[in-house]
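All remarks here apply to the structure that follows.
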Amino acid sequence: MGIRNEAVVTEELVKVYEGGVRALDGVSLRVGRGEVFALLGPNGAGKTTLVEILLTLRRPTSGRAYVLGEDVSDPRSRSTVRSRVGAVLQESDSFELLTVRETLELYASLYGADRRRVDELLELFGLSGYAKRLYGKLSGGLKRRVLVATALINSPELVFLDEPTTGLDPAMRREVWEVLRRMREEGVTVFLTTHYMEEAEELADRVGFIVGGRLVAVGSPRELAERYGGSKVVRVSGLDRRAAEEVARALGDVRSEGDGLVYTASDQRDANRAVQTVLSIAPDAVITVSNPGLEEVFLKLTGYRITEEGEVA
């Protein structure tokens, strides 16, 4: 498929900062039009650098990048790219004294958008009841809704969202997820960066894992589970402290998750062995066996987990 038929194409993209820091190291990627693509990785992996290059905010050291068929390194293409995309890079404090409606109207004036678009977005994102509320008085979840709405004011074909739910509690995070689902319904291509595995599993058609500036895997959540699977995930709950300690010693390589334990088995036979081991220690334990999710895939690929703060552990 040609470059102009894709939303995003990068070819061996490299970015080296002053001091020799290699933020991107040969990233080649394709994102189709109309899909939700999630780029997963810990803090410092290169996610934001990639987005900033695609938004024409930074120049790559080498390699090529195309957005909606336009070469982002060509100065003649930059205004075209910026007029056709939307972006939420981080929360802004510059709207604190504006109402929600005034914030959207400001963006409408900057992009020359029809004022009717403001009413459409207020309705789409459930913000009509907050239209006269000051942005600075909104909850974190509502602020994110407003920021995403501003990114859609020019009816973009592609929207970049750089860790849009970082710092939000689970309830607020799910509010933003609903907003992103509505964007999909509008036919907008979404390029999402995150370090939340659950977020990618809930929203993305395809995901890519980036670590140390290199893409280590790309595919749908199901494809990645199958490609790097064979393993099974055994989750155990309903254990008292003594039983949990004994199970951990018996299985060896377990991790805590909520009020239970998780063991990644190498195959079905290993999963069956783990189940029998747990039941011999705690006959009343609650056990589930499932295929690996993105967290297990990432762990297998890199040997690391990503914490809630976006760090590797």
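The values are calculated or read from the model by the stated rules, or taken from the named source; none is laboratory data. The shown structure was predicted, so the numbers you read here are calculated from the model rather than taken from an experiment. All Cβ positions, even for glycine, are placed from backbone atoms using ideal geometry, and neighbour counts span all protein chains on display. We work out accessible area using only protein heavy atoms, side chains counted, and drop any ligands, DNA or RNA first. Shrake-Rupley method; radii C 1.70, N 1.55, O 1.52, S 1.80 Å.
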Inset, instruction - Can you confirm whether region 146-162 contains a residue that is within 16 Å of the chain's Cα centre (by Cα) and not hydrophobic (A, V, I, L, M, F, W, C)? - result: yes
Inset, instruction - Given the conditions (1) under 17 Å from Thr193 (Cα atoms); (2) open to solvent by less than 30 Å² (accessible area, probe 1.4 Å); (3) touching a Ser or Thr at 6+ places or on another chain (Cβ under 7 Å), report the number of the one that Ser28 does not fulfil. - result: (2)
Inset, instruction - Identify the residue in region 1-25 that is β-branched (Val, Ile, Thr) and surrounded by fewer than 21 Cβ atoms within 10 Å (Cβ to Cβ) and, among all such residues, is farthest from Ala65 (Cα to Cα). - result: Val21
Inset, instruction - For region 181-189, state whether one or more residues are part of a helix (DSSP H, G or I), buried (at least 20 other Cβ atoms within 10 Å of the Cβ) and modelled with pLDDT under 90. - result: yes
Inset, instruction - Among residues belonging to region 193-222 that are without any contact (Cβ under 8 Å) to a residue 24 or more places away in the chain and not in a helix (DSSP H, G or I), point out the one that is most open to solvent (accessible area, probe 1.4 Å). - result: Ser220
Inset, instruction - For residues that are over 16 Å from Tyr228 (Cβ atoms), open to solvent by 20 Å² or more (accessible area, probe 1.4 Å) and assigned to a helix (DSSP H, G or I), tally how many sit in region 271-313. - result: 8
Inset, instruction - For Ser28, indicate whether it is part of a helix (DSSP H, G or I), of a type outside the set (A, V, I, L, M) and out of contact with any Pro (no Cβ under 6 Å at 6 or more places or on another chain). - result: no
Legend entry - Val262 of a type in the set (A, V, I, L, M), outside any helix (DSSP H, G or I), within 27 Å of Gly219 (Cα to Cα) and within 33 Å of the chain's Cα centre (by Cα): yes
Legend entry - All positions within region 164-197 that are under 9 Å from the mean Cα position of the chain (by Cα) and either small (Gly, Ala, Ser) or over 16 Å from Thr48 (Cα atoms) (or both): Met197
Legend entry - Where a residue in region 67-88 is under 22 Å from Leu180 (Cβ atoms) and free of Cβ contacts under 8 Å to residues at least 40 places away in the same chain and its partner, wherever it lies, is among the aliphatic types (A, V, I, L, M) and open to solvent by 30 Å² or more (accessible area, probe 1.4 Å), with Cβ under 8 Å and at least six apart: none
Inset, instruction - Looking only at region 223-244, count how many residues are assigned to a helix (DSSP H, G or I) and either charged (D, E, K, R) or closer than 18 Å to Ser28 by Cβ (or both). - result: 6
Inset, instruction - Check whether at least one residue in region 143-154 is basic (Lys, Arg), more than 22 Å from Val81 (Cβ to Cβ), open to solvent by 60 Å² or more (accessible area, probe 1.4 Å) and outside any loop (DSSP other than H, G, I, E, B), and report yes or no. - result: no
Inset, instruction - Might you check whether a residue that is surrounded by fewer than 20 Cβ atoms within 10 Å (Cβ to Cβ), within 23 Å of the chain's Cα centre (by Cα), of a type in the set (Gly, Ala, Ser) and in a strand (DSSP E or B) occurs anywhere in region 246-258? - result: no
